[in-house]
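One structure is given below, encoded as structure tokens.
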Amino acid sequence: MSNQNATILVVDDEAAITEFVAYNLRKEGYNVDVAADGITAVDMVNKNNYDLVVLDVMLPGMGGWEVCRRIRANSNIPILFLSARDTEVDKVLGLEMGGDDYLAKPFGVHELCARVMALLRRSAHTESAVNEVSGKVLSVSGIRLDEGSHTAESDADPIDLTPREFELLATLMQHAGKVLSRDQLLRDAWGWEYLVETKTVDTHVKRLRDKFEAAGVDPSLIETVRGYGYRFKLV
């Protein structure tokens, strides 16, 4: 996908932010539409074929989390969250809601453009690999993942995972027996190239282990390698 072919929707109720972001993305060759509230944004996404949404978290009426949830009900379009809130909890929530990246205000032009380019590149790569991934099944140590249907089970009992938990488990299972660093998991599982706080991975591993235990699966299948990262054990 070339810059000239990509169309981006920028959603923010602060006119100065919207103008700043739209101006600089257009300079890079992108086509840019803007919206000042969540309801308008959802309507525009439903009516137009956008390649990426730059979405503020704090919006009047319908907040960014809800906008993301509604978009995700029908589309896997990349979503880059903007927010003045820069805590680990906010970033984890953004990830869980279906966001692809999180950029804290204030931010610079170069960082904005780099993240947009990375998300578009990742989206194009994912599109080209859809047929290859569809129907692929991973079966390791009694856990079975169907990457086509995004389902997980053990001994025919389903394991209820969020999309992010599924992606993390799939990455661990694809490299079963090997130790993966937290940085590598952030990058390979979720494509988060810029997230600094690697505790996000720890949070999701804990949730995975809890769900394993609830499904009668040994939570120690996901092994902590102290000072480095995690390994999915081969048994």
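Hey, among SER154, SER149, which residue is small (Gly, Ala, Ser) and surrounded by 16 or more Cβ atoms within 10 Å (Cβ to Cβ)?
Numbers: SER149 fails: surrounded by 16 or more Cβ atoms within 10 Å (Cβ to Cβ).
Step by step, each of SER154, SER149 is checked, and only SER154 is small (Gly, Ala, Ser) and surrounded by 16 or more Cβ atoms within 10 Å (Cβ to Cβ).
Would you mind stating whether ALA170 is at pLDDT 90 or above, of a type in the set (Gly, Ala, Ser), surrounded by 15 or more Cβ atoms within 10 Å (Cβ to Cβ) and within 18 Å of the chain's Cα centre (by Cα)? It is true that ALA170 is at pLDDT 90 or above, of a type in the set (Gly, Ala, Ser), surrounded by 15 or more Cβ atoms within 10 Å (Cβ to Cβ) and within 18 Å of the chain's Cα centre (by Cα).
Yes or no, residue by residue, for (1) surrounded by 21 or more Cβ atoms within 10 Å (Cβ to Cβ); (2) at pLDDT below 90; (3) within 22 Å of CYS113 (Cα to Cα); (4) in the same structural domain as GLU165 (by TED's automatic domain parsing):
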| position | (1), (2), (3), (4) |
| --- | --- |
| GLU28 | no, no, yes, no |
| ASP37 | no, no, no, no |
| VAL54 | yes, no, yes, no |
| VAL57 | yes, no, yes, no |
| GLY63 | no, no, no, no |
| ILE71 | yes, no, no, no |
| PHE81 | yes, no, yes, no |
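Scanning segment 104-115 for residues that are surrounded by 17 or more Cβ atoms within 10 Å (Cβ to Cβ) and modelled with pLDDT under 90 gives a single hit, ARG115.
Just one of the listed residues (ARG164, ARG187) is without any contact (Cβ under 8 Å) to a residue 40 or more places away in the chain, within 20 Å of LEU103 (Cβ to Cβ), in a helix (DSSP H, G or I) and not assigned by TED's automatic domain parsing to the domain that holds GLY99, namely ARG187.
When the residues of segment 52-104 are filtered to those that are assigned to a loop (DSSP other than H, G, I, E, B) and β-branched (Val, Ile, Thr), the one that is farthest from ASP37 (Cα to Cα) is THR87.
The values are calculated or read from the model by the stated rules, or taken from the named source; none is laboratory data. Quick caveat, the model's predicted, so the values are computed rather than measured. So basically every Cβ, Gly included, is an ideal-geometry build from the backbone, and we count neighbours across all protein chains shown.
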